[in-house]
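Here is the structure we will look at.
Throughout, read-outs are computed from the coordinates displayed, never taken from laboratory work. Small disclaimer: the values here were computed from a predicted structure and weren't measured. Backbone-built Cβ (ideal geometry, glycine too); neighbour counts: all protein chains shown.
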Amino acid sequence: MEEAGLTNFPCLQCLYNAWHTDIKISKQTFPRLSRHSKHIKVPSDYIFLAQLTSLELLHEDTAVDVAPLMQALHSLKNLKKLSLTFDGCSVVDYPQEIIDMTDNQSIVIDTLQIAILNRTLPYVIMFLYKGLQFLAPSVVHIHMEDLLYDGEDYDLEDFFFMEPEDNFLCGSTITIHASRMKEIQFGWTPYPLLTGIAERRQIAHTVHFEGQIEAFIRLGTADWGHFSSLRHLQFKCCDSLTEAEVDELARNLMWGKAEGTGLQLLEIFSCERISEEFLVVLGDQVGPRLKWKTCDCE
C-alpha cells in the first residue's frame, strides 16, 4: 500500500494482517477502522489505533514478549472484544514494569477470548493473565487444545492457578473448553477447577465447562460461601464429572434456597459418568432448574 501511495482509507472498518505482511498503522489513515486482526507477534514499537473496538491477535512464534503486547493493549480505551491465540509458545519475557503499569480492572470490555494451542506452556499463559489484570471482561472464553507434553508434568490447573496467589481472569460469564489434554494417572489428584475459580473471584454468574476437565469441586471441604454469585452452571461432554460432585453441588447450591438465590440452572449434557437414573432422581428434587441430556444428539 505504501509503494502505491495509498495512505487514506475513509471507509475501511476491518483490517487483517497476514503473517508475511506488516502494515505501519501510524503512516495510514483509518478513521472508521474498528476491527483489527493481526497474524504476527507485536513488535516493541507497535501502536494500535485508539478507536479499535475489536482486536484479534494470533501468536505462533515460540517466544512471547509480554511487555510490548501489554503496552499496546493498555492504550485501547474503546476496546470491547479482545481475542488472543497462542500456538506453540514456550518462552516468555515478562519484565517487572508490566506489573507496575497495569491497574487492576481499569478497562471494561465485553468479551475476552484466549486460545491456548499446540503445547503452549502454562507459565506463558500465567504471565499473560498477570499482564491482563487491567481488563475487566464481562464474558471470558478459554479454549485449550492439544496440550499434551512429552516428558513434562503439566496439568490443566497449571493454566489457571500455577501459584496460590495467581488470579485467573474472570468475568460474569466464563466458558472453558479443553480437548486433547493430559490423561488422569493413578494416584494423581487433580485440582478442582470450579472451586479454584470461586475461591479467587466471586463474581462469576454463569460458568460453562466442556471437554476434558478432570475435577470441578473439592468434595466435602468446599466453602460454599465462595459460590454465592453462581446462578447458571453447565457441563457438556465432561466425562470426568462424577455423580458425587453433582450431588454436592445440588445439595449446597439448590436445595432449600430462597427464590432467586442459589443456582438457578444446572445443565448436564452428555457426561459419561452421570447416569440417566441419577438425573431423573435429581430432577424430582430440584425441578425445572435441572436440564440434562445423556447423548450427543441435538
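Between S275 and D223, the contour length at 0.36 nm per residue exceeds the Cα-Cα span by 16.0 nm. Between S83 and N118, the modelled labels are 1.7 nm apart [label points 7 Å from Cα along Cα→Cβ]. Distance distribution note for segment 189-260: the fraction of Cα pairs above 16 angstrom is 47%. Look at S229, S240 and count the other Cβ atoms within 10 Å of each Cβ; fewest to most, that gives S229, S240.
May I ask you to list the residues of segment 51-72 whose amide nitrogen lies under 12 Å from a point 7 Å from Cα along the Cα→beta-carbon direction of D110? It comes to 53-55, nothing else.
Ordering L194, L266 by the number of other Cβ atoms within 10 Å of each residue's own Cβ, fewest first, gives L266, L194.
Pairs to check: K80/K293; K80/K236; K130/K236; K81/K257; K81/K236; K80/K130. Give those whose C-alpha atoms are more than 31 Å from each other in this structure. From the list (K80/K293; K80/K236; K130/K236; K81/K257; K81/K236; K80/K130), the Cα-Cα distance tops 31 Å for K80/K293; K81/K257.
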